[in-house]
Amino acid sequence: MKTFKQYTKEAPRIPRKKGQPAGSDSHSDLYTDENPKGTIHGLGFKDVKTAKASVSKIEGSGKTHAHKIQAAIAMEQRARVMGKTAEANVYRAYIDKMKKKTKEMQKENVSQREINDLEKFADRILKKYGVDIEFTKHFVDRLNDPRNTPEIKVSELQKFFKKIQRNKAKNIINNPDTEAVLKDMSTNLNLPVVIKTKGNDFEVTNKTVMRKQNFSTPNKLIKYEIAKGGG
């Protein structure tokens, strides 16, 4: 089975030799359809209009990201062999757009396991103050949102919780049973939280996270200032 990288790489097409099995990595004939069930039908390069319509068919085919790129590469190469430069360029523009998307997809996201480890870390350093940290699924999704510029790192969140520790969690303890936003002034990280008392302890549920200097909220804003060493 071909890997994602093999599907999306571009290399000279190698004709299939007699006796070679279909799907072999040793050949890649331009005009041999080795997997008819996966074929995107109706593609062409008669003219620019046809090429654009074909790109739309590829995009709306419901095939995987890698399959779409593979189909477009094959059509671009066929068009170039036939001297259809303008039509080939239509496919090339689509391929380049998809490659850019590939890079975005391949960015390393923060995993649920890393968040679990972060939660254990925060619980350990705040345990003596009776603070229990929780993260919602939305928090994890928002942490990996490409709109975060620059991207939010787990190490930044660890430093943020250390600031809360140095403050002896006073800002949490003094605001029981409320919704608030914990803001790190040095990184512009905003953590909207729900603080609930549970006996003598405090459960702090982190609903989401956002890096924004002027974060707007109707809830209380709890700042961790730079000049005070994060306290």
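The values are calculated or read from the model by the stated rules, or taken from the named source; none is laboratory data. A quick note: this is a predicted structure, and the numbers were derived from the prediction, not measured. Because the Cβ atoms are built from the backbone with ideal geometry, glycine has one as well, and the counts that use them run over all protein chains shown.
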- State whether one or more residues within region 185-199 are surrounded by 16 or more Cβ atoms within 10 Å (Cβ to Cβ) and in contact (Cβ under 8 Å) with a residue 40 or more places away in the chain. no
- Give, as residue ranges, the helices (runs of 4 or more DSSP H) completely inside region 37-144 that count at least 3 residues that are out of contact with any Ser or Thr (no Cβ under 6 Å at 6 or more places or on another chain), surrounded by 15 or more Cβ atoms within 10 Å (Cβ to Cβ) and modelled with pLDDT of 95 or more. 48-59, 65-81, 85-105, 112-126
- Single residue of region 200-219 satisfying the filter (at pLDDT below 95 and among the basic types (Lys, Arg)) that is surrounded by the most Cβ atoms within 10 Å (Cβ to Cβ): ARG211
